[in-house]
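J.: Starting off with a structure, shown below.
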Amino acid sequence: MAQVYLKTVKFGGSSLADANQFRKVKSIITAEESRRFVVPSAPGKRSASDTKITDMLYSCQKIAAEGGDISEVFGKIRARYMEIAKELALNFDPTDALDEVFENLKNGATKDYAASRGEYLNGLLLASYLEYPFVDAAEVVRFDEQGVLMMDATMSLMRAKLNGMDCAVIPGFYGADEKGNVITFSRGGSDITGSLVARAVHADIYENWTDVSGVLVADPRIVANAAPINTITYEELRELSYMGASVLHEDAIFPVRAEGIPINIRNTNEPDAPGTMIVASDSEDSDTFTGYTITGIAGRKGFCAINIQKAMMNGEIGFCRKVLSVLEEMNISFEHMPSGIDTMSIILHEDAIHGREQTVLSKIRKAVSPDHLEIEHGISLLAVVGRGMRRTRGTAARIFASLAHARINVKMIDQGSSELNIIIGLLDGDFEEAVRRIYDMFVSSTMK
């Protein structure tokens, strides 16, 4: 691999939960001169019973909005930051910054402002500890009045600010509109900020440090000791993220993907582990290719299926359009639409139709007069993703053989033309076992 000259590094909340974690982070950053632009999250949980700083800030905002006293809750926030500053013997005293946040929250600050202060305060501490300049994200990340990221304006502001700087700490998760009102990202905030900074400084690699050693082939809560993925493409990760894999949100991929910057998912607590490299493309002869036909397995519960049957459906012009027009009229999006000659099913989120089931069914009956119409609940969607599936014969047969041996009934099958993934619909009660069976077929059997 060619020498890397510049890295943007983002650290998650668990990586910066206390002073000891701060020390680990500094050790990682100073281990390589290339790690010069740092994006921190707010302090996460120190233990399973602990509370995240951001959650406490939300509580303060809610209490203040209801006319209550936030002193007790904010006192816990203050204690966390003061403890970190004291244990690290920082020259920086966060008292004034904490006082300002307290006053703003007490006087009715917005929810976005409250949520953003965890990253803001942590950024001040980390900048002092590293002796790096601090750049407030509100100055360089721009949103419009609807809270939508303005990419061009953000790149212009960020590049103008960071140009000529050798290093900087830029807190994640938030920015501001043109009036200076603080706005937060709706999802995957700090990951997105790190991606934006990497793009702005033309980084060679964007390192995303968290509490796991990369992306795993399957959810470790379902598959014990799931194997790590060495290399994954942007396209594969987006498929897995959409289907529930939560290591990196899909919105964080776009800014660096546009510039061809690879993302390296690393573990703060295991800094020597190589983690997962997310790249634009990969080839079969790559030395980092996993060796498995599949790259990952992910899925989600909470779907339902509207099943429609009508004789001679295939000859009725506009049948599908009429059905989908009902969903459009009711502002309901759907996930998949498998069909046969005289049947079709529409897979959608339970939440999208909750409380409106009979209205939807009534409108479909009126639109297409089906012979049979029903809604089936308790559906899970499971995605098997992998670039190796394109060049390996019999992949689908192996997937369904593994499910058949476990006596798992498949409700739906959907495969895109790219052959990058196969989506399987099954009952919620079969979901975890299906993941384990497919993992055993493609990964465990290969490792033996």
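The values are calculated or read from the model by the stated rules, or taken from the named source; none is laboratory data. Please read these numbers as outputs of a predicted model, since none were measured by experiment. Glycine also receives a Cβ, built like all others from the backbone with ideal geometry; neighbour counts cover every protein chain displayed. We work out accessible area using only protein heavy atoms, side chains counted, and drop any ligands, DNA or RNA first. Shrake-Rupley method; radii C 1.70, N 1.55, O 1.52, S 1.80 Å.
J.: Rounded if a/c is under 1.5, else prolate if a/b is larger than b/c, else oblate: which is the stretch 169-225, with a ≥ b ≥ c the root eigenvalues of its Cα gyration tensor?
T.: On the way: a/c = 3.79, a/b = 1.82, b/c = 2.08.
It comes out oblate by the Cα gyration axes.
J.: Mind ordering 205-212, 99-106, 117-124 by average Cβ neighbours within 10 Å, highest first?
T.: Values: 205-212: 23.9, 99-106: 16.4, 117-124: 26.4.
Averaged packing, sorted descending, gives the order 117-124, 205-212, 99-106.
J.: Moving on. Beyond 27 Å between alpha-carbons counts as too far, so tell me which of LYS10/LYS52; LYS7/LYS62; LYS10/LYS106; LYS45/LYS179 fall in that bin.
T.: Values: LYS10/LYS52 18 Å; LYS7/LYS62 38 Å; LYS10/LYS106 31 Å; LYS45/LYS179 33 Å.
Violating the 27 Å Cα-Cα cut-off are LYS7/LYS62; LYS10/LYS106; LYS45/LYS179.
J.: I'm checking a number: the convex hull volume of the Cα atoms of the stretch 250-381, normalised per residue, in Å³. What is it? Don't jump to the answer; show the numbers that get you there.
T.: Values: hull volume 26.2 nm³, N = 132.
Hull volume normalised by residue count: 198 Å³.
J.: Of GLU270, GLU316, GLU33, which has the largest mean-square fluctuation in a 10 Å C-alpha GNM of the chain?
T.: GLU316
J.: To check you understand DSSP bridge types, tell me what percent of the beta bridges within the chain (both residues inside) are antiparallel, rounded to 5. Before the final figure, lay out the partial values.
T.: On the way: 40 of 62 bridges.
Given both bridge residues lie in the chain, the antiparallel proportion sits at roughly 65 percent.
J.: So what are the ³J(HN,Hα) numbers for the stretch 314-325, from phi and the Karplus equation (6.51, -1.76, 1.60; θ = phi - 60°), rounded to whole Hz, Gly and Pro as x?
T.: 5, x, 8, 5, x, 4, 4, 4, 4, 5, 5, 5
J.: Let me know the charge dipole size of the chain about its Cα centre in debye, to the nearest 20, where only the beta-carbon of Lys, Arg (+1) and Asp, Glu (-1) is charged. Could you put the intermediate results ahead of the total?
T.: Working: 47 positive and 61 negative charges, 155 e Å.
With Lys and Arg at +1 and Asp and Glu at -1, about 740 debye.
J.: Exactly which trypsin sites (Lys or Arg not before Pro) in the stretch 154-202 are in a DSSP loop and have at most 13 other Cβ atoms within 10 Å? Spell out each step's value before the answer.
T.: Numbers: sites: ARG159, LYS161, LYS179, ARG187, ARG199; in loops: LYS179, ARG187.
For trypsin sites (Lys or Arg not before Pro) across the stretch 154-202 that sit outside H, G, I, E and B with at most 13 neighbouring Cβ atoms in 10 Å, the list reads LYS179, ARG187.
J.: On to the next question. Among (i) 37, 24, 19; (ii) 43, 28, 20; (iii) 34, 25, 19, which one is semi-axes √(5λ) of the Cα gyration tensor in Å computed from these coordinates?
T.: Here the calculated entry is (ii).
J.: Between SER27 and SER444, what FRET efficiency comes out of the Förster formula 1/(1 + (r/R0)^6) with R0 = 41 Å and r the beta carbon distance, rounded to 0.05?
T.: In this case the efficiency is close to 0.70.
J.: By the gyration tensor of its Cα atoms, with a ≥ b ≥ c the square roots of the eigenvalues, what is the shape of the stretch 371-448: rounded for a/c under 1.5, prolate for a/b over b/c, or oblate?
T.: Values: a/c = 2.43, a/b = 1.45, b/c = 1.68.
The shape class here is oblate.
J.: Oh, and also: For an R0 of 22 angstrom, estimate the FRET efficiency from the Cβ-Cβ distance between ARG46 and SER71 and round to the nearest 0.05. Can you show the working numbers first?
T.: Working: r = 22 Å, r/R0 = 1.02.
Efficiency, from the Cβ-Cβ distance: 0.45.
J.: Another one. Modelled label-to-label distance, MET330 and ALA224, 7 Å Cα→beta-carbon offset: nm?
T.: Each label point is offset 7 Å from its Cα along the Cβ direction, giving 4.4 nm.
J.: Stretch MET337-THR110 to full length: gain in nm at 0.36 nm per residue minus the Cα-Cα span? The partial results should precede the final answer.
T.: Working: separation 227, 0.36 × 227 = 81.72 nm, distance 4.10 nm.
So the extension gain works out to 77.6 nm.
J.: Could you estimate the translational diffusion coefficient of the stretch 72-136 from the Stokes-Einstein equation, with Rh from the Kirkwood formula over C-alpha pairs, at 4 °C and 1.567 mPa s, in whole µm²/s?
T.: Details: Rh = 12.3 Å.
For the chosen part, D equals 105 µm²/s.
J.: In terms of the Cα gyration tensor, with a ≥ b ≥ c the square roots of its eigenvalues, is the stretch 68-178 rounded because a/c is under 1.5, prolate because a/b exceeds b/c, or oblate? Kindly include the intermediate steps, with their values, before the conclusion.
T.: Working: a/c = 3.18, a/b = 1.24, b/c = 2.57.
The shape class here is oblate.
J.: So for the chain, averaging the separation of alpha carbon pairs under 8 Å that are six or more residues apart and normalising by length, what relative contact order in percent results? Please report the intermediate quantities before stating the final value.
T.: Details: 876 pairs, mean separation 58.3, N = 448.
The normalised contact order for the chain reaches 13 percent.
J.: With a probe of 1.4 Å, find how much accessible area the chain has per residue, and write the answer as a whole number in Å². Write out the running numbers ahead of the final one.
T.: On the way: 20670 Å² over 448 residues.
Spelled out: the 1.4 Å probe surface of the chain, per residue, equals 46 Å².
J.: Extending each Cα 7 Å along its Cβ direction at MET82 and GLU374, get the distance between those two points in nm, one decimal.
T.: The two pseudo-label positions are separated by 6.4 nm.
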